[in-house]
Amino acid sequence: MKIKILFRCDAGKYKKLGTGHLFRCIFLAKILKKKLNISDQQIRFVIKSDKKYKIASEILKEYEFDFVRYKNRNLKENSKNEIDILKKNSAEILIFDMIVFSNKKEILKLKKYFKKIVALDDKSKHKVFDLRINSLINLRSKKKNKSIFKNLILPSYEKVKFQKKKILNKKINKVFLNLGGWDKNNYTKKIVDLMKKNDLKINLFIPSNVKYKKVNFYGKLKVTLFKKKEFYKYLNKSDLSIVSGGLVMFDSIYLGIPAICLPQDKDQKINAKILNFFNANLIINNNNIEKSFYKNFNSINKNYKLRKILIQNGRRIINKKNMNKILEKLFRICKY
């Protein structure tokens with residue numbers, strides 16, 4: 001059966017990668033499958049196979065999507081090898097989801113093999129793509145306005161049943177902790193240790209795909225390690241999220257979960273600061289994590305009104321109406 005949609009994306013323990021881009025593509029695959037009335041066999045993912053990218057195949061197996069893996073050296077961005085591999089897996093629509101500067105000449109070569117080519121978060125300036133969706137901010141822009149995230153496409157979009165008005169508990173007792181698919185700074189252990197040190201009596205939700213051999217769960221913490229498919233179930237059950245500054249930060253705010261952010265890199269810090277400018281989240285200072293964590297956690301735990309304000313301000317910036325508009329553009333392109 002001919003492939004209708006081919007996704008080129010990755011997930012792994014690598015700088016600025018994690019799992020957000022892959023989960024977003026899985027969401028797009030599911031929603032396009034329904035919209036275009038196509039089968040699972042007409043959707044394929046092209047991913048890297050090296051050890052640090054292993055999590056990508058694990059996730060796709062769990063979601064039962066077809067994929068092909070190639071060595072990292074053969075899927076180097078903008079390389080002749082990557083172009084050749086994509087040509088061998090030709091489809092009607094090619095969707096890239098990677099933060100890269102694509103090469104105009106290479107994309108033009110691919111135009112001969114794909115009817116439409118879509119790019120998400122591509123930093124190049126050429127106009128060869130049939131549709132470009134830069135869902136995160138232009139990092140060179142210093143403008144701060146509420147429309148800056150209007151092109152966001154979030155995996156949590158499909159969780160429409162979660163969009164009902166949440167009933168806020170007076171105190172926080174369920175906390176969602178996810179500091180990226182690749183917690184390069186080992187912030188998870190630091191936050192858990194701080195929670196134990198302060199004898200916090202809470203239910204803590206952590207994804208099971210991250211290794212916690214160095215974390216000993218003691219004190220009053222009650223820990224639940226959840227599976228990948230239960231990600232949004234546990235995020236929605238939470239009174240508070242502690243996240244980095246990637247797509248999950250936006251998922252949390254979209255679902256009405258107040259977020260304390262601990263950015264892992266410069267790009268995440270910029271995104272978190274934009275939301276903080278509009279009083280839509282709280283940020284932990286990387287230079288003094290202990291003091292900043294306690295200050296933020298105690299202020300949000302004791303201040304019910306602050307939590308309501310964060311949720312209200314977040315929904316003014318990140319909402320379903322904007323996502324519907326950008327998804328409609330994608331649907332039109334894919335129907336051609």
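The values are calculated or read from the model by the stated rules, or taken from the named source; none is laboratory data. On a predicted model such as this, the values are computed, not experimentally measured, just so you know. Cβ coordinates were reconstructed from backbone atoms using ideal geometry, including for glycine residues, and neighbour counts include every protein chain displayed.
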Subject >> Cβ pairs under 7 Å, 6+ apart, first in the stretch 76-92 and under 17 Å from residue 118 (Cα atoms), second among the small types (Gly, Ala, Ser) >> reply: 78/102
**OP:** Please find, within the stretch 114-126, the residue that is farthest from residue 8 (Cα to Cα) out of those that are of a type in the set (D, E, K, R) and modelled with pLDDT of 90 or more.
**Re:** 115
Subject >> Selected residue [among the basic types (Lys, Arg) and either over 16 Å from residue 17 (Cα atoms) or without any contact (Cβ under 8 Å) to a residue 24 or more places away in the chain (or both)] from 54, 48, 30, 123 >> reply: 30
Subject >> Which numbered condition residue 235 fails, given (1) in contact (Cβ under 8 Å) with a residue 24 or more places away in the chain; (2) crowded, with 24+ Cβ neighbours inside 10 Å; (3) not polar (S, T, N, Q) >> reply: (2)
Subject >> Among (1) in contact with a strand residue (DSSP E or B) (Cβ under 8 Å, 6 or more places away or on another chain); (2) modelled with pLDDT under 85; (3) on the phi < 0 side of the Ramachandran plot; (4) not polar (S, T, N, Q), the one test that residue 164 misses >> reply: (1)
**OP:** Could you list all residues from the stretch 90-113 that are surrounded by fewer than 20 Cβ atoms within 10 Å (Cβ to Cβ) and at pLDDT 90 or above?
**Re:** 92
Original post:
Can residue 305 be described as surrounded by 14 or more Cβ atoms within 10 Å (Cβ to Cβ) and without any contact (Cβ under 8 Å) to a residue 24 or more places away in the chain?
Top reply: no
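Let's see how each residue does on (1) part of a helix (DSSP H, G or I); (2) surrounded by 23 or more Cβ atoms within 10 Å (Cβ to Cβ); (3) under 15 Å from the mean Cα position of the chain (by Cα):
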{"site": "250", "(1), (2), (3)": "yes, yes, yes"}
{"site": "263", "(1), (2), (3)": "no, yes, yes"}
{"site": "276", "(1), (2), (3)": "yes, no, no"}
{"site": "280", "(1), (2), (3)": "no, yes, no"}
{"site": "288", "(1), (2), (3)": "yes, no, no"}
{"site": "293", "(1), (2), (3)": "yes, no, no"}
{"site": "296", "(1), (2), (3)": "yes, no, no"}
{"site": "311", "(1), (2), (3)": "yes, no, no"}
{"site": "314", "(1), (2), (3)": "yes, yes, no"}
